[in-house]
Every structure is written in structure tokens, then in C-alpha cells.
Amino acid sequence: MDVTSVPAAAPQVQPQTAPAARETPTSSPSSREEKTLYEMMRDAQEKIGAHKDRLKAAKPKVQYGDVPMMAYSRLSRARNRAQVNAAAGYARRQIARLKAAKHTDSDNAKQIQAAINQLQKAVTRAGKKNRELDREKLAESRQKKLEAEHRTRQAQRERLELRRKQAARMLRESGYVREAEIDKRMQSHIAATQAELRNQAQSLSAAFQPSPEAVAQEYAAVQASAAPEAVAGGGLDLQA
């Protein structure tokens, strides 16, 4: 009897199932948008603040009130027309320089304008001093003539009058420097007061304005509410 060999059944191979993908917690689009918007606003504010700090550190503090004081100091030391004209020329050059600085340094525009006003007064007062020096020179010439003519009493009276006028002029010129110093202090006090008021106004504005977190949350809420409406209204109307 033939015995046919039956091949052994091949072992069943169980189909391998792919391992389940590890579920990773994913954040919602609204939270991602909220985080991104908040980070952008925060970075922008930090960059603006850093830029302002760099500008303040790089820009030296200019004492504009010192310029009129220097001009008046030169004017008071002048003893002849050449020196007076040199002091007036210095004042004119500083006026031109400060007018140009006024366009670039708007934060100190009022201090610069006050310095320009003082320098313009210095130019006017330089012209007045030239006229006074001319009169003093004429008075000195008259005095010498009287002395040569042996008119001692009149010569002495002329000399005393000349000394009185010169003393009054020098006292007035020293007052010019004092005036410029007082004006400098007053302008510095006004600038400091205005800066403090600006800082207080900015603090109040920041207190009443919404924070970046609130703006980001509101933006995310609007985007989240708009998404379901877009999906619900996205079907096609196939009715004729």
C-alpha cells in the first residue's frame, strides 16, 4: 500500500502589527498662536528697551547752558575792539552750531533754544561794549588834553567820571555771566521736571493699557471661535 507523504503544514505566521504610535501630547493651534504672539511682543519690547539704553549710554550728556557762560566770560575779559569782535564771533559760531543741534537733539530742544537766546544777547551786548569802549577812549583823550593844558581840576573830574563808567560796565558784564548761570540752572530744572512728568505719563499709560498676555489671549480666543464657524460654513450647496 502506497503511503503518500503529506507535507507538514507550514507554521502559521502571525501578521506583525505595527507598534502603536506613541501618543504625544500636542498643543492646540490656539495655544501655539497665543505663545508665539506673546513671545513676539515680549521680544519686541525687550529689543526696543535695549536699543534705548544703548542710545542713552552712547550719547554723552551735553551741557548746552555752558556755551553762553563761556561767551559772556570772553566778552567780559575783552579790553579792546578786536577782543570784543572775537567774543562776538565765537557767539555767532555757537549759535549756528546749536541751531543744527536742535534738529538732531529734540529731547533738549528747549535748553538749546534758551542757550541760543542767551548767545544772541551776547552778540548784541558785544556791539554795545564796542560803543562804550569808543566813548571811553574819547574820554581818555580829553583827559590827556586837559592835563597837557594844565587844567588839572577838569582833568581830574574827567578821570573820575571815566573810572566810574568803567566800573559800572565791568559790574554789568559780570552780571551777564551770573544771568547765564541762573538761566542754565532754571532750564535744567525745567528739563528734569518735564522728564519726570513724561515718565509718570508713560507709567499711567502702561497701567491702563492691556498687557501682552491679555492681548495674546484675546487673539487666541478670537481665532478659536472663528475656526468652527469656518468649518461649519464650508459645505457645498448642491440643491438646484
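The values are calculated or read from the model by the stated rules, or taken from the named source; none is laboratory data. Treat the numbers as computed from the prediction; the structure is a model and nothing was measured. FYI the Cβ positions are ideal-geometry reconstructions off the backbone, even for glycines, and counts take in every protein chain you see. Please note that ligands, DNA and RNA were not included when accessible areas were found on the heavy atoms of the full protein model with its side chains. Shrake-Rupley method; radii C 1.70, N 1.55, O 1.52, S 1.80 Å.
Pick from GLU132, GLU173, GLU181, GLU161: which is over 30 Å from ALA114 (Cβ atoms), of a type in the set (Asp, Glu) and part of a helix (DSSP H, G or I)? Steps first, answer last, please.
On the way: GLU132 fails: over 30 Å from ALA114 (Cβ atoms); GLU173 fails: over 30 Å from ALA114 (Cβ atoms); GLU181 fails: over 30 Å from ALA114 (Cβ atoms).
Every option except GLU161 fails the conditions.
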Looking only at the range 74-92, decide whether some residue is hydrophobic (A, V, I, L, M, F, W, C) and closer than 27 Å to THR193 by Cβ.
no
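Out of ILE116, ILE48, report the one residue that is part of a helix (DSSP H, G or I) and either within 18 Å of ARG172 (Cα to Cα) or modelled with pLDDT of 90 or more (or both).
Just a single option satisfies the conditions, and that option is ILE116.
Conditions tested, residue by residue: (1) surrounded by 15 or more Cβ atoms within 10 Å (Cβ to Cβ); (2) within 21 Å of GLU181 (Cα to Cα).
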residue	(1), (2)
ASN108	yes, yes
GLN120	no, yes
ARG125	yes, yes
LYS129	yes, yes
ALA139	yes, no
LEU146	yes, no
GLN156	no, no
LEU162	yes, no
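Conditions (1) open to solvent by 70 Å² or more (accessible area, probe 1.4 Å); (2) modelled with pLDDT of 75 or more, marked per residue:
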position	(1), (2)
SER27	no, no
TYR38	no, no
ALA44	no, no
LEU55	yes, no
GLN63	yes, yes
MET70	yes, yes
ALA87	no, yes
ARG93	yes, yes
Does ALA100 count as aliphatic (A, V, I, L, M), more than 13 Å from ARG125 (Cβ to Cβ) and part of a helix (DSSP H, G or I)?
yes
Of the criteria (1) more than 21 Å from the chain's Cα centre (by Cα); (2) surrounded by 10 or more Cβ atoms within 10 Å (Cβ to Cβ); (3) among the charged types (D, E, K, R); (4) modelled with pLDDT of 85 or more, which one ARG79 fails
(2)
